[in-house]
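The values are calculated or read from the model by the stated rules, or taken from the named source; none is laboratory data. Every value quoted in this text rests on a predicted model; they were computed, and no experiment measured them. Using ideal geometry, Cβ is built from the backbone for each residue, glycine included, and neighbour counts are taken over all protein chains shown. Surface areas here come from the heavy atoms of the whole protein model, side chains and all, with no ligands, DNA or RNA. Shrake-Rupley method; radii C 1.70, N 1.55, O 1.52, S 1.80 Å.
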Amino acid sequence: MRGVLREGSPVASSYEFIETMRLDTAEYVFSVEFMCERLDVSKSGYYDWRHRPDSATAQRREELKLLITKAFDDSDSTYGYRRVHAQLARWGVAAGLELVRQLMRQLGLVPCQPRPKRWSLTQAAAGQVPDLVGRNFTAENPGEKLVGDITY
């Protein structure tokens, strides 16, 4: 909670700080009255802020979170924020690219791209390949024993 004690910070950030500290299960939790005095905000204002309904922006963000989660799950967790944004546009949902990115970070949605399938140019041998050289690579005459190695 950066900027809680900084001059000019909004009162709501102080209320959010009090809320997080109040819900903390630490041994030394301060009372709401004490924290309101120290942060120079009213106790009645804090309780009024707690029971205030969510703003229209907060409600829209919650709806977007549901749609983003659905688009991400439909893609088997492979879509990043750009593709999720494109999917939302196909569904007719207007949302900015950076907003989608921010909400995906809040939700902890990290895309995982599958590794590309590697195609083999040769077919596997039907059985054991016989060792015709017998691990002896020396030859008396040139061109008698020809060996090679292919490593992928």
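Please report, as a whole percent, how much of the solvent-accessible surface of the chain comes from carbon and sulfur atoms (probe radius 1.4 Å).
Ligands and nucleic acids excluded, carbon and sulfur reach 52 percent.
For the chain, what does the helix formula give at 222 nm: sum of -39500 (n - 2.57) over DSSP H segments with n ≥ 4, over the residue count, nearest 500 deg cm²/dmol?
Result for the chain: -13500 deg cm²/dmol, rounded to the nearest 500.
Quick one: net charge of ALA89's neighbours, Cβ under 15 Å, K/R +1, D/E -1?
Summing Lys and Arg as +1 and Asp and Glu as -1 gives +3.
Taking the solvent-accessible surface of protein heavy atoms with a 1.4 Å probe, what is the per residue accessible area of the chain in Å²?
Value returned for the chain: 83 Å² of accessible area per residue.
Given 0.36 nm per residue, what is the gain on full extension from GLU63 to ARG101 after removing their alpha carbon distance, in nm?
12.2 nm
Only one of the values (1) 15.8; (2) 22.2; (3) 16.2 was calculated from this structure for Kirkwood radius over Cα pairs in Å; name its label.
(2)
At a threshold of 8 angstrom on Cα-Cα distance, excluding pairs fewer than six apart, so keeping six or more, what relative contact order does the stretch 8-59 reach in percent?
Relative contact order for the stretch 8-59 comes out at 32 percent.
Step through the residues of the stretch 114-120 one at a time and calculate ³J(HN,Hα) from phi using the Karplus curve (6.51 cos²θ - 1.76 cosθ + 1.60, θ = phi - 60°), rounding each to whole Hz and writing x for Gly and Pro.
Coupling constants for the stretch 114-120: x, 5, x, 6, 9, 9, 8 Hz.
Taking trypsin sites (Lys or Arg not before Pro) as candidate sites, keep only those in a DSSP loop with at most 14 other Cβ atoms within 10 Å, then name the longest stretch of the chain containing none of them.
7-116
Could you give the length gained on full extension between PHE30 and ARG82, defined as 0.36 nm per residue of separation minus the Cα-Cα distance, in nm?
Values: separation 52, 0.36 × 52 = 18.72 nm, distance 4.36 nm.
Here the segment from PHE30 to ARG82 would lengthen by 14.4 nm.
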